[in-house]
Structures are given as structure tokens and as C-alpha cells.
1. How many of the residues in the range 183-202 are at pLDDT 70 or above and buried (at least 18 other Cβ atoms within 10 Å of the Cβ)?
2. Filter the range 143-159 for residues that are farther than 19 Å from S202 by Cβ and surrounded by fewer than 23 Cβ atoms within 10 Å (Cβ to Cβ) and give the result.
3. List the number of the failed condition for S17; all other conditions in (1) over 22 Å from C142 (Cα atoms); (2) among the hydroxyl-bearing types (S, T, Y); (3) at pLDDT below 90; (4) buried (at least 17 other Cβ atoms within 10 Å of the Cβ) hold.
4. Looking at (1) crowded, with 19+ Cβ neighbours inside 10 Å; (2) at pLDDT below 95; (3) within 19 Å of the chain's Cα centre (by Cα), which is the one condition that is false for C110?
5. Just to be sure I understand the filter: pairs with C-beta atoms under 9 Å, separated by 6 or more residues or on different chains, first member in the range 146-171 and over 30 Å from I62 (Cβ atoms) and touching a residue at least 12 places away in the same chain (Cβ under 8 Å), second member hydrophobic (A, V, I, L, M, F, W, C) and assigned to a helix (DSSP H, G or I). Which pairs pass?
6. So, in the range 78-91, of the ones that are charged (D, E, K, R) and under 18 Å from the mean Cα position of the chain (by Cα), which residue ends up modelled with the highest pLDDT?
7. Out of the range 85-107, which residues are in contact (Cβ under 8 Å) with a residue 40 or more places away in the chain, under 21 Å from A146 (Cβ atoms) and surrounded by fewer than 17 Cβ atoms within 10 Å (Cβ to Cβ)?
8. Of everything in the range 53-77 that's of a type in the set (D, E, K, R) and in contact with a strand residue (DSSP E or B) (Cβ under 9 Å, 6 or more places away or on another chain), which residue is modelled with the lowest pLDDT?
Amino acid sequence: MAAGCPGHAANVRMSKSSSERQQSKVFGEVAEIYHRVRPGYPEDLYDWILETSRVDDGELLIDVGCGTGKASIPFVRRGFTVVGIEPDPMMARIASRELNEFDTFSIEQCTLDDFGNASSEAGLMYAGQSWHWMNPDTRFECAASALRPDGWLCVFWNRPEEMHHSFDLEMDAVYEELAPQFNDDSFKVRLPGSKSVISADSPIEEFDLSRFFGDVHTFEASWEQTISSEEHVQNLLTQSDHRMLEEELRTELLGRVGEVINNAGGGYKQLFTTHAYAAKLSV
């Protein structure tokens, strides 16, 4: 691993106990719920990654911030050897459990900054819904140091599209009353999607600014999911911004949110787009 990769520093906000809880590390508090309700990724994404990177099933893959293993399962089922990197012990435990039947999956309970076991050996490093939690000052350098000379980095995430629902105004009023700090959020229907996964104006620009990777290839695929009020609330339980709220406030907020959706029929349809960016190591 390249020298000088400091530990990850998360942007913590809202909770009075924020000095004791890092926003990037609250997912383990609800790891089982996270695994059950967070959506996976379309198969077309994996086809695109493999066609673009041309990695074969004999190469090592690294899943950065692997969580409960959702992004790794399709690769392992296709015969790849995958090392997951996950600092949270509860998330890592579920990933190990879910992929226990495959002897081609292992997990390192550490951050990307601290990872070095597969240095300069991997054909592909990927991050599903997790790249924004990596240290922005070192993540591209650390990725480059873990890849072989012709290796690839791919970052991807599911993003909920802005839609109009019958309960939007009522939902806005609930958040205005109980959590007005969320007013600037991009999506009025607050679902797990993508936070800012980049520090530059675009993912392509950030790849370019890193100077470690070549031309960036892109992928998009849209899909729809019907979400019940219970699934919506359970999803919000796994969102870091909601988790950083004080427990009493979060309980009241999510109870009111569930009531709003139940009063509007108990569910709704939501459009998501899966975005991916991949580039080959150039140094």
C-alpha cells in the first residue's frame, strides 16, 4: 500500500452523540435490516463491467466497502475470487455468512487506507454504493496500489430518480416539522440512493484529476421497484443521515413517515438508475 494513506475521517452531523459515532460506521447498528432491504444491482451492470475490464475468472477482485456482500455475490457466483474490505464488524460478519458457501470469498476487516494484503495483484477493484465513504485524499492512490499494472477501478451506485407522488406535500411537512435540516436533500421521497460519491464536478473529472487512470467508461441502467410503507421505513433506518438523528426523534419521524405512505395507499413505485464509472490503471 502506498505510504501516507491516513485513516478515514467521516463527516458526522446532527446527533448529540456525534463525537462518539462516525456517520460512515453506523450501518452496523442495523446490519441485518441493511442486508434485507437495500436493493442489489442489475445483472446488466456485471455484464458491462466484465466486458469493459476483460477480467477473467482467474483474476483477483477487490470489493471496497463490501458491506454485507451484495455487490460481491454476482461476481463470486460467476467464479471470481473476491476479497472484501469492510471495517464494520457486523457488516463483515453478514458478508462472511452470506458467502460462506463459496471458498473464493474472503474478507478483511479494515479500511481501504489500511488494506495491503493484495497489493498490486488485483485485476479489478470495485465499490458499490461505498466510494463516497473512502478517504477522498487517498482513495485513488490506494486503489492504484492494489491493482496490477493493467487493472481496473469501477465505482457504481443506485440513485433514486426524482418523482412525483401523491403524498409529497404531506411528507415535506413532516420533515419540515421534525427534521428541517433535510430540506436541501435532492429527493423528496427519501430513499437509500447515492450521496455525493465524488469530490469533483463529475466522476469522470475526479478520475482524471487523480492522474492514476485512463479514459473513463460509463454505464447507466434504469429500473423500477414497488416499495411498501414498511420497506420505506426500514430503508430509512439504514440511511446514515437518519441514523445520526437522536433515537427519540428518529422513531417519531419514521412513525409519521410510515403513516403518510399508509394513508396514501401503503406503497408506491420508485424509479432507480444504476450508474457506473470504470477506468484502467495508467501508471
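The values are calculated or read from the model by the stated rules, or taken from the named source; none is laboratory data. Nothing here was measured: the structure is a model prediction, and the numbers come from that model. Note: ideal-geometry Cβ built from the backbone for every residue, glycine included; neighbour counts use all protein chains shown.
1. 0
2. Once the filter is applied, which keeps residues that are farther than 19 Å from S202 by Cβ and surrounded by fewer than 23 Cβ atoms within 10 Å (Cβ to Cβ), the range 143-159 yields A144, S145, R148, P149, D150.
3. So S17 meets the others, but not (4).
4. (1)
5. That search, which allows pairs on different chains as well, returns H165/M171; H165/I261; F167/V260; F167/I261; E170/V260; M171/V257; M171/V260; M171/I261.
6. Here the residue is E86.
7. none
8. Applying the filter and picking the extreme gives D57.
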